[in-house]
1. Give me the Kirkwood hydrodynamic radius of region 290-378, using the inverse of the mean 1/r over all pairs of distinct Cα atoms, in Å to one decimal.
2. His212: net charge of surrounding residues, Cβ under 13 Å, Lys/Arg +1, Asp/Glu -1, itself excluded?
3. Determine the order of Lys503, Lys350 by accessible area, beginning with the largest, at a probe radius of 1.4 Å.
4. So if each residue of separation counts as 0.36 nm, and I subtract the Cα-Cα distance between His343 and His214, what length gain in nm does that give?
5. Determine the order of His256, His502 by accessible area, beginning with the largest, at a probe radius of 1.4 Å.
6. Say each of Ala259 and Glu189 gets a label point 7 Å from the Cα, pointing the same way as Cα to Cβ; how far apart are those two points in nm?
7. Note down the accessible area of Arg465, probe 1.4 Å, to the nearest 10 Å².
8. Putting +1 on Lys and Arg Cβ atoms and -1 on Asp and Glu Cβ atoms, find which of Pro277, Ile437, His266 reaches farthest to the positive end of the dipole of the chain.
Amino acid sequence: MPAIQMGILQVPANPALDMAGLDHLSHSLASVSFLLGTGGDRRIWPDPISRRNRYGTRATPAHDEISFSSTTASNISDDGFLAAGVELGRLVDLESPSPVAFDQWFADIRDRIASSLGCAGAQVILAASGTDAELLALCMIAGVSKRPLTNVLVAPDETGNGVPRAAAGRHYSDVTALGRTVGAGTPLEGLPVDRIEVRTIAIRNATGEPRHQHEIDDDVIAAVEAELRRDRDVLVHVLDTSKTGLPAVTRQAARHAAALAPGRVHIVVDACQFRGPISRLRQDLADGFVVALTGSKFIAGPPFSGALLIPSALAEDFAARSDVPAGLAEYSAAQDWPAALRHRMRFAFKSELNLGLGLRWVAALAHLDSYAEIDESRQRLVKEQFVRLVRSRIEAVRDISLHRDDDGDHLGSRAMVPLTVTNGAGAFASFEHCQNIQVSMRGLGGGPICHVGQAVRLGSRTVLRVAASAADVVDVSARMTAGQSLHQAFGPIESRLDVFFHKLSTVLHQFRGA
């Protein structure tokens, strides 16, 4: 019997008998956990002893752990794990009189993403990660462009680590989410090395201070104008939220850039942190912008759940005349794509589906569906209150601070606080020192396991990031709807923050004495 390639898994291809060997999966929690770790690269492969991935998170609920790490990754929630189990059962239940087919199962996931965001007219393509979404966006635009292409990348040091390589059309690692071995740094097949150029725009100066927004906008527009004069098409990135909460490139500047040469200048909004308002993303799609997002940052689904949202007009143009680089088949499976595009593409997929990716999105949607139903004014109210509560606890902990260069109103709307770390002598702590602090927070000494966002270099400083998630907002909102005040509704989160900062103080003290 032929087999369908599913990343690192193989399942039989017959749609009636095809899941007989996997019938036990619908009854096995261990199988759900296992499958959640498939269809991604080694960053989400669990350690055989700790069962944690490289982000330190687990693919099973961890009730005794405290997580404010949604800028990086989160443990799967009870709701997410249950949803993944239910959907896996729906897919493999042979006793059902009408078992769901693979293509319908994945279509349902894409439809739920679009429905939650209120953008039913957009086409949704699944991607294993935000970096994979970058490769996907580049390949799509390269597919409809007949000229050389310049990718204007904003804040490469405050996006995913592999994004600069992906933006250049190169393999960003030596293994892909579909389990393919590739040459890290080498061009994707079908993307000649001289076809893609990358121009980078910084959002901070050399000392880590944020640049003025108008300066960034001016640089982006000047770059687009220069590339058009070179007879190159252009892909421009709008960074909705950086790793430290900063936005970069205004929507006004993006619309101006696109209008310089309609059809030749394309805009992709990097909303992978998913911390801005959903209404803005809907407007981005209405303006003809591509939107990249993930379900694994603010939404707090398991790591490695990305998606690319394509405006309907661009999707039609792509389906009608695209020439997708063959190398994308190392990253993207057929069922990641909507049938409306897949059936019209001149493209040879090497994998039929990525089941792990689908299950991770199911877990993320357990949060996104509920979060999207909350009025945006309440979403912002809860986010701002979280930031106030974090601020109120910073001064009591030695060797951390909210640096003046990181402060601003944008933190409240992003539910994120970057903490600058100093060493015992008062100097800025090194990047490696901060990495060690993050790992130590996941140790058993000094309190329960606590998760904080990964270290980020900002000039001579390094920050660790404390952030709320969509699940936190949903929980607080539900308690408010039940009649509690904002203060009362935040009670459980305040308790977790107290434990978190107590442990952080203990860990920092231990490092001072080391």
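1. Kirkwood hydrodynamic radius for region 290-378: 14.7 Å.
2. Taking every other residue near His212 into account, the sum is -4.
3. Output order, biggest surface exposure first: Lys350, Lys503.
4. Working: separation 129, 0.36 × 129 = 46.44 nm, distance 4.32 nm.
Full extension of this stretch gives 42.1 nm more.
5. On the way: His256 90, His502 115 Å².
Largest accessible area first, the residues go His502, His256.
6. Each label point lies 7 Å from its Cα, and together they span 4.3 nm.
7. Number for this one is 10 Å².
8. Ile437
The values are calculated or read from the model by the stated rules, or taken from the named source; none is laboratory data. The shown structure was predicted, so the numbers you read here are calculated from the model rather than taken from an experiment. Cβ coordinates were reconstructed from backbone atoms using ideal geometry, including for glycine residues, and neighbour counts include every protein chain displayed. Areas reflect the complete protein model, heavy atoms only, side chains present, ligands, DNA and RNA absent. Shrake-Rupley method; radii C 1.70, N 1.55, O 1.52, S 1.80 Å.
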